Amino acid sequence: MTILEAEEKVKSFQEKLALWGRRVNSVNFTSFPLFDEITLDPVHPVEPRVRESIIMHLENLKVIIEGIILTIQVADSWRFAKLKSNHSDDIWESVRKAFAYFWDLYGRIWHGYELHGLENIPEGPCVVTFYHGAISIDHIIFVARYFLLTHRVCVSVVHRYFFKLPGLQSLLEAFSTISGTKEECMNALKNGRVVAVAPGGAREALFSDETYKLVWAHHKGFAQLAIDARVPIIPMYTENIREAYRMPKERRLTRWLFEIIRLPLIPPYGGLPVKLRAHVGEPIPYNPNITAEELAEKTKTALQNLIHRHQQIPGSMWKAFLARFEKTQKND
């Protein structure tokens, strides 16, 4: 069997999944004969949540199949890469899609990831400010989901030391990841991009805790950027992100090392399959009559209110895990 034949078979199965989903949505289970026999019993009708669960699993399976197709396409792109003189854009587009499907699938399966309030992110340029967990796995999943839903690549600001890791710089650049200089951010906004930044950065990742306090110090660069670019600021927060990964309780050594070399050397712990729900808040519009200090404080208040509205404080790993079994609050 050739690669093209295999791809055709996979696409055919993908079409069947869509058909099965439509049938289940219409309370028709003929695609699943054994289950259909059970549902014929009028004494025990199928509950809506069972139908919703089947549809959700079919959607997850569809994502897996799409990931397989893209993996084949990426392999083909790399195979012929050396035969092209100007191939980089095509290759990275396939790589972006493959990575996006992978991380979105990871978010769906491991964390039951949900994204709420996506309509608050405008089609034009804006600055998204988010809370930085011990590991910002939630932001990676958000970037993937946002790309798949809107076909836009979110520009993410990360610590500059990531660009010094061997083999990582090209991949970071392919996903529009920048070190966050004012010139880089302004260029992105002028080109109509969404720029995402965590004002707390590594300090917030290391020294915030299950109380979800923002650790921004006096950071206001993001606010000045929004004022200079005349764009809105969008606060965003992921529920239970501190329950997925946490830092050790002993902070003195961590803080001492961080203040000396400005790098997070103490690893977090966790990786638990807790429920993650990302909440995108209402935009803070551009106001020419506000200072950077005032805008930074206004953004901080908006983000803290978003946390208080959606997060149990102090956080609980156990309750965050049990939330996986609650009904999905779909909004994306």
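The values are calculated or read from the model by the stated rules, or taken from the named source; none is laboratory data. This one's a predicted model, so the numbers in the text were calculated from it and none came from an experiment. So basically every Cβ, Gly included, is an ideal-geometry build from the backbone, and we count neighbours across all protein chains shown. Side chains included, ligands, DNA and RNA excluded: accessible areas come from the protein's heavy atoms. Shrake-Rupley method; radii C 1.70, N 1.55, O 1.52, S 1.80 Å.
Looking at the stretch 301-325, which of the residues that are open to solvent by less than 70 Å² (accessible area, probe 1.4 Å) and polar (S, T, N, Q) is farthest from Pro199 (Cα to Cα)?
Ser316
With the checklist (1) buried (at least 18 other Cβ atoms within 10 Å of the Cβ); (2) in a helix (DSSP H, G or I) in hand, flag the one item Tyr161 doesn't pass.
Result: Tyr161 passes all but (1).
So which of Leu58, Leu70, Leu115 is open to solvent by less than 40 Å² (accessible area, probe 1.4 Å), among the aliphatic types (A, V, I, L, M), in a helix (DSSP H, G or I) and modelled with pLDDT of 65 or more? Write out each step before concluding.
Values: Leu70 fails: modelled with pLDDT of 65 or more; Leu115 fails: in a helix (DSSP H, G or I).
Only one candidate qualifies: Leu58.
Can you confirm whether the stretch 157-168 contains a residue that is closer than 22 Å to Ala229 by Cα and modelled with pLDDT of 90 or more?
There is at least one residue in the stretch 157-168 that is closer than 22 Å to Ala229 by Cα and modelled with pLDDT of 90 or more.
Looking at the stretch 132-149, which of its residues are more than 17 Å from Leu172 (Cβ to Cβ), in contact with a strand residue (DSSP E or B) (Cβ under 9 Å, 6 or more places away or on another chain) and open to solvent by 20 Å² or more (accessible area, probe 1.4 Å)?
Leu149
How many of the residues making up the stretch 256-300 are open to solvent by 60 Å² or more (accessible area, probe 1.4 Å), in contact (Cβ under 8 Å) with a residue 24 or more places away in the chain and aliphatic (A, V, I, L, M)?
The total comes to 1.
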